[in-house]
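A.B. asks: Pasting a structure here, questions to come.
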Amino acid sequence: RRKIAILTSGGDAPGMNASVRAVVRASIIRGCDAYAVHEGYQGLVDGGDMIKKMGWDDVQQYLSIGGTVIGTARCKAFRERWGRLKAAKNMVKEGIDALIVCGGDGSLTGADLFRAEWPDLLEELVKTGELTDGEAKAFAHLNIVGLVGSIDNDMSSTDITIGAVTCLHRICESIDSISSTASSHSRAFVVEVMGRHCGWLALMAGIATGADFIFIPERPPSGENWQDNMCSEIKRHRDLGKRKTIVIVCEGAIDSNLNPITAKDLMDLLTDRLHLDTRMTILGHVQRGGTPCVFDRNLATMQGVEAVEAVLDSRPDTPSPLIAMCENKVVRVDLMKAVEKTGEVAKAISRKDFNTAMKLRDPA
Ligand code: F6P
């Protein structure tokens, strides 16, 4: 019987549990044994109880639970060769040669490197007597499949990542609440949202809540006088009779010289220049926790099932697939190409080529 393992890695995202449930149940339906690796890559390194065989009922209720029940970690040991050697040995001893990883781009790159290094790792384990020749031969190829679990929606080659829509709902609910109190007091609010170097959450939340101004890393405010432009725009809104001002800033927002633009800078600007009674709200981890919305439950379920199919179809010479969503269809794309393209955005931003950064984020 084929043994398929799933782990969740990096920052948690709502919907990760639904992907674990789907992988476990689809594996069982397809006649395989399913395993959950606890605490991300750390569980592979530690082995033993951290790699648990999962039954159908073990994932009951998983659809609606936020975070990741099997745990996640940003694992230092897995970045070192000794850690990956331990992980390879634990997998072979358990008889597992297929790993589905649900995480962000860093976690998925780690998975693909692990696959590339696998024959070397096995050879070393045979040399040191930790594996037999027979074991190494029986598990000569590691199959890796990626699922993108990230609230940031920062992965290239997929329209949407697991957890991003729930997070967006959470942000919009919070901004709706802030808007009502802002209106009552005729105040301005600067709201900082997550997303790291990706402005998707800030941009979509801004559109959905009718924000006055939005700051994202991929499209910094233009010109040296952006502060004047922002203030005159907000003044215009106020002159039209608006009783509230909402400015949304992505945590990674920058100006066109790559200097950070912080919520505090913006609050001070609105206070000093426009004399608005201004408050600042950093939404933080409330954005990431809690029950996944229907979209994320279903996305994670469909992609989890497809991940199992991809494992069963995989051949030693085919590149590791990433399960993506393109034009409303669940599809397989080349994992490493997607990760490389994601890295291109950061490179374009660092050379101040913001047009390319925008295009890479939204090829349409
Ligand atoms: O990548 C997801 C994310 O929530 C980012 O938006 C944020 O910058 C980061 O993780 C926060 O990480 P941590 O939970 O380790 O503070």
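The values are calculated or read from the model by the stated rules, or taken from the named source; none is laboratory data. Only a predicted model underlies this, so the values are computations on that prediction, with no experimental measurement involved. Quick reminder, even Gly has a Cβ in these numbers, built from the backbone with ideal geometry, and neighbours come from all protein chains shown. Accessible surface areas use protein heavy atoms only, side chains included; no ligands, DNA or RNA. Shrake-Rupley method; radii C 1.70, N 1.55, O 1.52, S 1.80 Å.
A.B. asks: Based on what the data block shows, is residue 174 surrounded by fewer than 17 Cβ atoms within 10 Å (Cβ to Cβ), modelled with pLDDT of 95 or more and either within 14 Å of the ligand (Cβ to nearest atom) or of a type in the set (Gly, Ala, Ser) (or both)?
C.D. replies: No; evaluated as a whole, the condition is false for this residue.
A.B. asks: Okay, next question. Would you mind finding the one in 161, 166, 209 that is of a type outside the set (D, E, K, R), at pLDDT 95 or above and surrounded by fewer than 24 Cβ atoms within 10 Å (Cβ to Cβ)?
C.D. replies: It is 209.
A.B. asks: Assess whether residue 1 counts as being open to solvent by 40 Å² or more (accessible area, probe 1.4 Å), assigned to a loop (DSSP other than H, G, I, E, B) and among the basic types (Lys, Arg).
C.D. replies: yes
A.B. asks: Would you confirm whether any residue within the stretch 285-300 is surrounded by fewer than 18 Cβ atoms within 10 Å (Cβ to Cβ), within 14 Å of the ligand (Cβ to nearest atom) and modelled with pLDDT of 95 or more?
C.D. replies: There is at least one residue in the stretch 285-300 that is surrounded by fewer than 18 Cβ atoms within 10 Å (Cβ to Cβ), within 14 Å of the ligand (Cβ to nearest atom) and modelled with pLDDT of 95 or more.
A.B. asks: Which numbered condition trips up residue 248, out of (1) surrounded by 16 or more Cβ atoms within 10 Å (Cβ to Cβ); (2) over 30 Å from residue 347 (Cα atoms)?
C.D. replies: If we test residue 248 against (1) surrounded by 16 or more Cβ atoms within 10 Å (Cβ to Cβ); (2) over 30 Å from residue 347 (Cα atoms), just (2) comes out false.
Quick grid of which residues meet (1) more than 15 Å from residue 3 (Cβ to Cβ); (2) in contact with a His (Cβ under 9 Å, 6 or more places away or on another chain):
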| position | (1), (2) |
| --- | --- |
| 51 | no, yes |
| 56 | yes, no |
| 68 | yes, no |
| 76 | yes, no |
| 86 | yes, no |
| 93 | no, no |
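A.B. asks: For the stretch 313-324, which residues satisfy the criterion of being in contact (Cβ under 8 Å) with a residue 40 or more places away in the chain and surrounded by fewer than 16 Cβ atoms within 10 Å (Cβ to Cβ)?
C.D. replies: Selection gives 316 alone.
A.B. asks: Take residue 153 and decide whether it is on the phi > 0 side of the Ramachandran plot, surrounded by 19 or more Cβ atoms within 10 Å (Cβ to Cβ) and not charged (D, E, K, R).
C.D. replies: So residue 153 passes the test.
A.B. asks: Across the stretch 87-105, what is the total count of residues that are in contact with an Asp or Glu (Cβ under 9 Å, 6 or more places away or on another chain) and of a type in the set (Asp, Glu)?
C.D. replies: Selection size over the stretch 87-105: 1.
A.B. asks: For the stretch 229-245, name all the residues that are under 29 Å from residue 345 (Cβ atoms) and either open to solvent by 70 Å² or more (accessible area, probe 1.4 Å) or part of a strand (DSSP E or B) (or both).
C.D. replies: Within the stretch 229-245, just 229 meets the criteria.
A.B. asks: Please verify whether residue 220 is under 28 Å from residue 343 (Cα atoms) and open to solvent by 70 Å² or more (accessible area, probe 1.4 Å), treating the condition exactly as stated.
C.D. replies: no
A.B. asks: Return the only residue of 125, 113, 121 being open to solvent by 20 Å² or more (accessible area, probe 1.4 Å) and part of a helix (DSSP H, G or I).
C.D. replies: 113
A.B. asks: What number goes with the only condition from (1) open to solvent by 10 Å² or more (accessible area, probe 1.4 Å); (2) not hydrophobic (A, V, I, L, M, F, W, C); (3) not in a loop (DSSP other than H, G, I, E, B) that residue 19 does not pass?
C.D. replies: In the conditions (1) open to solvent by 10 Å² or more (accessible area, probe 1.4 Å); (2) not hydrophobic (A, V, I, L, M, F, W, C); (3) not in a loop (DSSP other than H, G, I, E, B), residue 19 misses (1) alone.
A.B. asks: For the stretch 274-284, state whether one or more residues are farther than 21 Å from residue 207 by Cβ, open to solvent by less than 30 Å² (accessible area, probe 1.4 Å) and away from the ligand (no atom under 16 Å from the Cβ).
C.D. replies: Yes.
A.B. asks: Quick test for you: out of 140, 136, pick the one residue that is open to solvent by less than 20 Å² (accessible area, probe 1.4 Å) and more than 16 Å from the ligand (Cβ to nearest atom).
C.D. replies: The unique qualifying residue is 136.
A.B. asks: Can you confirm whether residue 263 is under 19 Å from the mean Cα position of the chain (by Cα) and open to solvent by less than 10 Å² (accessible area, probe 1.4 Å)?
C.D. replies: It is false that residue 263 is under 19 Å from the mean Cα position of the chain (by Cα) and open to solvent by less than 10 Å² (accessible area, probe 1.4 Å).
A.B. asks: Can you find even one residue in the stretch 3-19 that is in contact (Cβ under 8 Å) with a residue 24 or more places away in the chain, in contact with a Phe, Trp or Tyr (Cβ under 8 Å, 6 or more places away or on another chain), of a type outside the set (A, V, I, L, M) and within 16 Å of the ligand (Cβ to nearest atom)?
C.D. replies: Yes.
A.B. asks: So, in the stretch 49-107, of the ones that are aliphatic (A, V, I, L, M) and within 16 Å of the ligand (Cβ to nearest atom), which residue ends up least open to solvent (accessible area, probe 1.4 Å)?
C.D. replies: 101
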